[in-house]
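The values are calculated or read from the model by the stated rules, or taken from the named source; none is laboratory data. As the structure is a computational prediction, the values presented were derived from the model and not from experiment. Neighbour counts run over all protein chains shown; Cβ positions are idealised from the backbone, glycine included. The protein model used for the area step is the full one, side chains on, heavy atoms only, and it has no ligands, DNA or RNA in it. Shrake-Rupley method; radii C 1.70, N 1.55, O 1.52, S 1.80 Å.
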Amino acid sequence: MQTRNLAVLGAQWGDEGKGKIVDLLCDDFDIVARFQGGHNAGHTVKFGAEHYSLHLIPSGILHPGKTCVLGNGMVIDPVALLAEVAKLRDQGVVIEDNLRISSAAHCILPIHAALDQARETAAGEEQIGTTRRGIGPAYESKMSRHGVQMADLLDEKTLRKKVESLYEEKNALLTRLYRADPVDPEETIRRYTELGETIGPWITDTVALLREAMERGGRIMFEGAQGALLDVDHGTYPFVTSSSCCAGGIATGLGVPPSSITEVLGVVKAYTTRVGSGPFPTELSDRTGEYLRSRGNEFGTTTGRPRRTGWLDLDIVRKSVYLSGMTALAVTKLDVLDELERIEVAIGRDPSGELSWKTVDGWQTPTVSLKRFDDLPEQARDYIRLIEDTCGCPVSIVSTGPRREETILR
Ligand code: GDP
Ligand code: IMO
Ligand code: MG
């Protein structure tokens with residue numbers, strides 16, 4: 001049976017406001033599933049006076065009755081997972097059997113974080129600016145077939161064998177190449193066996209779970225982390241993350257057929273930001289860039305780092321629309337542009353990579369909290385139409401503030 005499922009994906013370099021949009025649209029779905037990445041993600045959800053930061057757990061967890069899946073394509077740090085669970089529970093969120101973790105997802109171990117840190121430090125000026133959480137090294141272990149999967153946490157003998165062999169190789173790298181301290185395998189085996197006992201009840205075959213849910217007519221929302229330009233294949237390599245953030249990653253990262261991805265909503269910030277190093281053709285290093293950072297509160301949810309800021313680059317958004325087959329866009333943070341007299345937009349690139357620009361008039365009227373498209377000033381409506389025309393994709397949502405209720409649905 002064909003159910004109607006929706007993917008919500010970042011169309012830029014992450015932090016587009018995916019968390020807010022997933023939360024907003026959750027009601028229509030039974031399951032919210034993450035398919036890639038780990039706690040490098042930071043998704044903010046706000047409504048009324050509530051404020052939640054999510055890293056590993058899909059934003060659907062805030063909605064009672066929704067099942068949240070951490071798919072096989074993810075890399076999961078059990079310590080970070082339990083810290084997130086504890087924090088959410090402190091905020092009154094119920095996390096019981098509404099959380100399901102793939103037995104095949106890979107585990108981020110202390111040695112992965114140690115390697116990420118050692119590499120970034122050794123790279124000096126050349127560093128990627130990773131979140132230093134061990135994401136890349138954990139995916140490397142997976143691909144080199146030395147990884148520890150979540151199911152391995154439930155069996156001490158298997159865990160011991162895998163950790164000992166992995167640590168032997170990685171400690172050699174850490175100590176001899178990077179001159180860093182080794183990580184003790186015994187400590188990892190002891191601690192992670194314990195963590196496995198706590199996490200165990202959530203670990204399951206999520207491929208079967210999703211299949212059965214779809215066969216019953218259940219609807220799934222696929223929650224993306226990061227964004228198309230951070231995709232390991234299609235992003236600004238090597239300044240990317242180590243997973244497939246575009247729609248292609250959903251099928252492998254959850255074990256669902258590509259045809260089950262029936263709608264794809266791309267989340268686009270009304271300007272551009274990026275955290276970490278790498279190319280950013282529309283970056284602003286002037287007062288306007290500083291203005292976007294302070295007005296947009298552009299500081300990382302995960303690491304607190306100031307985000308780099310710049311004009312909207314519609315050429316990259318158009319590429320993201322194509323790569324993921326986006327069927328609609330959600331434009332976020334329109335309100336951040338409210339005070340600007342003039343707004344520049346990159347609308348294309350010539351074959352040599354030179355950008356073509358369009359300058360449009362700002363609206364210089366508050367749009368914060370507006371809920372109807374027709375209430376937007378004319379210049380703001382034109383800005384949205386420029387995005388639609390340039391990207392060849394309709395804008396179905398416009399976000400005018402961080403809160404759930406500050407949204408225009410078209
Ligand atoms: P994600 O990683 O894509 O989920 O995005 P983040 O949560 O890391 O970053 C987006 C930030 O912008 C968060 O602090 C949101 O609360 C905030 N935000 C989302 N939509 C809007 C909006 O329309 N206007 C404003 N001013 N802030 C927004
Ligand atoms: P959300 O889901 C923005 C960036 C890092 C770095 C690069 C590689 O909140 O949009 P990694 O630790 O993944 O190996 O770092 O990717 N990065 C993000 N930037 N938002 C994110 O997630 C990111 N996750 C990773 O800053 O440049
Ligand atoms: Mg984020």
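Skip the ligands, DNA and RNA, and give the accessible area per residue of segment 201-330 with a 1.4 Å probe, whole Å².
Numbers: 4890 Å² over 130 residues.
So segment 201-330 comes to 38 Å² accessible per residue, rounded to a whole number.
If you take every DSSP beta bridge whose two residues both sit in the chain, what share of them, in percent to the nearest 5, is antiparallel? Write out the running numbers ahead of the final one.
On the way: 21 of 56 bridges.
Among the beta bridges of the chain, antiparallel pairing accounts for roughly 40 percent.
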With DNA, RNA and ligands ignored, accessible area of Leu62 (1.4 Å probe; Å², nearest 10): 30
Interchain or long-range residues, amide H under 5 Å from Ile101's placed H: Leu70, Ile203, Thr204
Segment Asp382-Ser285, length gained on full extension (0.36 nm per residue, minus Cα span): 32.3 nm
Dipole magnitude of segment 167-215 about its Cα centre (Cβ charges: Lys, Arg +1; Asp, Glu -1), debye to nearest 20: 280
Segment 1-79, accessible area per residue, ligands and nucleic acids excluded (1.4 Å, Å²): 26
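Roughly how many Å² is the accessible area per residue of segment 363-410, as a whole number, for a 1.4 Å probe?
Numbers: 2340 Å² over 48 residues.
About 49 Å² of surface per residue is accessible.
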Under 5 Å, built H, 5+ apart or other chain: amide partners of Ala328: Val264, Gly266
Estimated vicinal HN-Hα couplings, Hz - segment 270-281 in sequence order (Karplus 6.51, -1.76, 1.60; Gly, Pro = x): 5, 9, 10, 9, 8, 10, x, 7, x, x, 7, x
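Taking square-rooted eigenvalues a ≥ b ≥ c of the alpha carbon gyration tensor, is segment 29-170 rounded, prolate or oblate, where a/c under 1.5 means rounded and, failing that, a/b exceeding b/c means prolate?
On the way: a/c = 2.38, a/b = 1.44, b/c = 1.65.
Here segment 29-170 falls in the oblate category.
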Net charge of neighbours whose Cβ lies under 11 Å from the Cβ of Ile128, counting Lys and Arg as +1 and Asp and Glu as -1: -1
Separation of alpha-carbon centers, segment 299-321 and segment 179-235, rounded to whole Å: 25
In order through segment 232-238: 3J(HN,Hα) via Karplus (6.51 cos²θ - 1.76 cosθ + 1.60), integer Hz, x for Gly, Pro: 5, 9, 10, x, 8, 4, x
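Within 13 Å, Cβ to Cβ, of Pro201, how many net charges do the neighbouring residues add up to if Lys/Arg are +1 and Asp/Glu are -1?
-2
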Net charge of Cβ neighbours under 10 Å - reference Gly14; Lys, Arg +1; Asp, Glu -1: +2
Principal axes of segment 234-388: Cα extent on each, largest first, Å: 47, 36, 35
Per-residue [θ]222 nm for the chain (sum of -39500 (n - 2.57) over DSSP H runs n ≥ 4, rounded to 500): -9500 deg cm²/dmol
Rounded to whole Hz, the Karplus (6.51, -1.76, 1.60) HN-Hα couplings of segment 140-145, x for glycine and proline: 4, 4, 4, 5, 8, 6
Computed Rg/Rh of the chain, alpha carbon atoms with Kirkwood Rh: 0.97
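Using only alpha carbon pairs under 8 Å that are at least six residues apart, calculate the relative contact order of the chain and give it in whole percent.
After rounding, I find 20 percent.
What's the longest uninterrupted piece of the chain once you rule out the GluC sites (Glu not before Pro) that are loop residues per DSSP with at most 16 other Cβ within 10 Å?
Numbers: sites that count: Glu96, Glu339, Glu341, Glu354, Glu405.
Of all site-free stretches, the longest is 97-338.
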Accessible surface of the chain [probe 1.4 Å, protein heavy atoms]: carbon and sulfur percent: 49
